[in-house]
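Chemist: Okay, handing you the structure first.
The values are calculated or read from the model by the stated rules, or taken from the named source; none is laboratory data. What you see is a predicted model, and the numbers here were worked out from it, not measured in a lab. Cβ atoms come from the backbone with ideal geometry, glycine included; neighbour counts cover every protein chain shown. Surface areas here come from the heavy atoms of the whole protein model, side chains and all, with no ligands, DNA or RNA. Shrake-Rupley method; radii C 1.70, N 1.55, O 1.52, S 1.80 Å.
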Amino acid sequence: MKANSLFTGLIVLMFSVNCMAQNVDGGKQKSKSDPTSKATQFVAALHLDDTAKALNVTDLIKAHLSTVMDWHNAHDYTLVPEGLNPATGKAFSKLDRQFIIDSTIPKTVHETLMAGLHQYLTDEQIELILDKYTIGKVAFTMNGYKSIVPNITPVEEAFVLTNLKLAREQAIDYKNIDEISLVFKIYKTKIEEYFTNNGRNWKAMFKAYADQQIAKKNAGDKTPATTDKE
């Protein structure tokens, strides 16, 4: 737990900077949270030549984003009673409670989006859309594990990537980056347990990495670390 907390504190600034860099758009914060604006932005990245297809995909994503936003706004965290998290023994935070109530969104919301995307897009194009939803967290987090785990093997890398992609698809049904990060945290815990259960010492690996970053900082190396832990 201590290593995970340190990991979180060490690179949270890195991820925040990354998020801001990807969200710069003339300072129009409010418009970027609008489902129509976001859907249009997501689909523009596909560079589709078929105008009708582009409009259909835009409408599909807009409908999904709107439903997720409306569900979130209509279900306040207070709908979940205060209590203890059985995994930690600590009281549920406001974010925990909001996450729990948001997780009750009907599964058909997700299924409708994914079925529509598969109707119009290739697997590669769908991955790009899911990356847009989650601000590129799969690649960013994968780079973090590659930086921390010495000589990561193809088998280990495949396990990490598979779980990060599962996290990405699940995370698209949550409204904001805090909740998206909670979804990724679930899968990152699983990944780190995998390393420990298969002959790696996650805490030791992270400590070695953290010590290395501190040494670089003390030596005046301003090069940012390529990791993602929030």
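Chemist: Using the 2.2 N^0.38 Å rule of thumb for compact globular proteins, work out how segment 103-230 stacks up: its C-alpha Rg over that value, please.
Modeler: Here the answer is 1.20, to two decimals.
Chemist: For T112, what accessible surface area do you get with a 1.4 Å probe? Give it in Å², rounded to 10.
Modeler: Only protein atoms counted, so the area is about 90 Å².
Chemist: At 1.4 Å probe size, put D49, D123 in order of accessible surface, largest to smallest.
Modeler: Ranking D49, D123 by accessible area, largest first, yields D49, D123.
Chemist: Sticking with this one: Work out how far the C-alpha atoms of segment 36-184 reach from end to end along every principal axis, then list the three figures in whole Å, largest first.
Modeler: For segment 36-184, the Cα extents along the three principal axes come out at 53, 47, 22 Å.
Chemist: Ignoring ligands and nucleic acids, what accessible area does I214 show with a 1.4 Å probe (Å², nearest 10)?
Modeler: Per-residue accessible area (I214): approximately 90 Å².
Chemist: Top to bottom by accessible area (1.4 Å), largest first, where do V155, V109 land?
Modeler: Ranking V155, V109 by accessible area, largest first, yields V155, V109.
Chemist: Moving to a separate point now. Suppose R0 equals 22 Å. What FRET efficiency, 1/(1 + (r/R0)^6) with r the Cβ-Cβ distance, do T78 and I186 give to the nearest 0.05?
Modeler: 0.40
Chemist: Distance cut-off 21 Å, Cα to Cα: go down the list K175/K203; K107/K165; K165/K188 and report the pairs above it.
Modeler: K175/K203
Chemist: Quick one: work out Rg over Rh on the C-alpha atoms of segment 69-132, Rh as Kirkwood radius.
Modeler: 1.15
Chemist: Which residues does a label at T196 reach in segment 126-145, if reach means a backbone N under 19 Å from a point 7 Å past the Cα toward the Cβ?
Modeler: The answer is 145.
Chemist: Hey, another quick one. Enter the accessible area of R168 (Å², nearest 10), with the probe set to 1.4 Å and all protein chains included.
Modeler: 10
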